[in-house]
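Enquirer: Below are the structure tokens for one structure; questions will follow.
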Amino acid sequence: MTLPNLITIARLLLVPLIIWFIVASQPLAAFAVLVVAGVSDAVDGFIARQFDLRSELGTYLDPIADKTMLVSIYVTLAVVAAIPAWLTILIVSRDVLIVGAVVLSWVLGEPSSVQPLRLSKVNTVLQILLAAFVLGNLAFSIDLPWVTWTLIYLVAVLTVASGAVYLVEWVRHMGAGEAASSPPGGGRDGETAA
């Protein structure tokens, strides 16, 4: 177990803590935990690159930790009505769609790896900014609704757009796999295509 992986696991363990602080109406503590999580994410990536401690486990563990943290924060913020529920539903639905598509491709014998898109990376950064901004608003009583709503709509648009791009790529991947496994002649049992 490498040091970056241990840091990532520690970040996963912060998830229940941040949820508790949000539910217990302690936004300053929740904001502080989010900052610690963000710093730990940067630190584990730096250590992994600088000291060549990258591992296969880390390539799976890091995005799982990030996604678990973000989805948990968004669901909790929606429950306490700090952000609109429709935005959380959109974000969670996109993630479920992507995970479901990957699992289905494995079940059907056409495994596909999900490569992070640039659009998806921008979306993730905006999701983090929105979560931090909302928690900061609650913690420091900042009232800038136009910034909040601008971030909400940007996150919504990018969530839909990145989900659509992943879906198109998945359909293309599955179509290419079906074409490669089709019998010569294109039909079943030796039938010819019309």
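The values are calculated or read from the model by the stated rules, or taken from the named source; none is laboratory data. None of the values given here were measured: they were computed from a predicted structure. Ideal geometry is used to build each Cβ from the backbone, glycine not excepted, and the neighbour counts take in all protein chains shown. Areas reflect the complete protein model, heavy atoms only, side chains present, ligands, DNA and RNA absent. Shrake-Rupley method; radii C 1.70, N 1.55, O 1.52, S 1.80 Å.
Enquirer: Apply the a/c threshold of 1.5 to the C-alpha gyration tensor of the stretch 65-130 and tell me whether it is rounded, prolate or oblate.
Expert: The shape class here is prolate.
Enquirer: Counting only protein chains, not ligands or nucleic acids, how are Trp20, Trp86, Trp170 ordered by accessible area (probe 1.4 Å), most first?
Expert: If we order Trp20, Trp86, Trp170 from most to least accessible, we get Trp20, Trp86, Trp170.
Enquirer: Okay, moving on. Heads up, I need the accessible area for Met69: 1.4 angstrom probe, whole protein in place, Å², nearest 10.
Expert: Probe radius 1.4 Å; accessible area of Met69 about 10 Å².
Enquirer: Once you have a ≥ b ≥ c as the square roots of the Cα gyration tensor eigenvalues for the stretch 24-89, tell me rounded if a/c is under 1.5, and otherwise prolate or oblate according to whether a/b is larger than b/c.
Expert: Judged from the Cα gyration tensor, the stretch 24-89 comes out oblate (a/c at least 1.5, b/c at or above a/b).
Enquirer: Right, something else. Hey, how many Å between the Cα centroid of the stretch 76-149 and the Cα centroid of the stretch 24-73?
Expert: Measuring centre to centre over Cα atoms gives 15 Å.
Enquirer: To continue, here is another question. What FRET efficiency would be calculated for the residue pair Lys67, Trp146, taking the C-beta separation as r and a Förster radius of 35 Å, to the nearest 0.05?
Expert: 0.80
Enquirer: I would also like to ask the following. Which length gain, in nm to one decimal place, applies between Ala161 and Ser93 when the Cα-Cα distance is subtracted from 0.36 nm times their residue separation?
Expert: 23.2 nm
Enquirer: How would Asp52, Asp66, Asp44 line up by accessible area, probe 1.4 Å, largest first?
Expert: Highest to lowest solvent-accessible surface, that is Asp52, Asp66, Asp44.
Enquirer: Tell me the carbon and sulfur percent of the accessible area for the stretch 42-141, rounded to whole percent, probe radius 1.4 Å.
Expert: The C+S portion of the solvent-accessible surface of the stretch 42-141 is 71 percent.
Enquirer: Assign one of three labels to the stretch 1-149, namely rounded, prolate or oblate, based on the Cα gyration tensor with a ≥ b ≥ c the square roots of its eigenvalues; rounded applies when a/c is under 1.5, prolate when it is not and a/b is larger than b/c, and oblate otherwise.
Expert: Cα axes put the stretch 1-149 in the oblate bin.
Enquirer: Name the residue farthest towards the positive end of the dipole of the chain from the options Leu119, Ile73, Ile91, assuming +1 on Cβ of Lys and Arg, -1 on Cβ of Asp and Glu, about the Cα centre.
Expert: My answer, from the dipole projection, is Ile73.
Enquirer: Right, something else. Using a 1.4 angstrom probe on the protein heavy atoms only, could you order Tyr74, Tyr60 from most to least accessible area?
Expert: Tyr60, Tyr74
Enquirer: Using helices alone, what [θ] at 222 nm do you get for the chain, with -39,500 (n - 2.57) per DSSP H run of 4 or more residues, divided over all residues and rounded to the nearest 500?
Expert: For the chain, the value works out to -28000 deg cm²/dmol.
Enquirer: Mind checking the per residue accessible area of the chain for me, 1.4 Å probe, whole number of Å²?
Expert: Ligands and nucleic acids excluded, the figure is 59 Å² per residue.
Enquirer: With a point put 7 Å past each Cα toward its Cβ, work out how far Leu28 is from Arg118 in nm, to one decimal.
Expert: Taking the two extended label points, one gets 4.2 nm.
Enquirer: Could you work out how far apart the two model spin labels at Arg54 and Arg172 are, taking each label as a point 7 Å from the Cα in the direction of the beta carbon, and quote it in nm?
Expert: Between Arg54 and Arg172, the label points sit 2.4 nm apart.
Enquirer: Residue by residue, what Karplus-based ³J(HN,Hα) values in Hz, rounded to whole numbers, does the stretch 54-64 have, using 6.51, -1.76 and 1.60 with θ = phi - 60° and x for Gly and Pro?
Expert: 5, 9, 5, 4, x, 5, 8, 5, 4, x, 5
Enquirer: If Lys and Arg each add +1 and Asp and Glu each add -1, what is the summed charge of the other residues whose beta carbon sits under 14 Å from the beta carbon of Ile9?
Expert: -3
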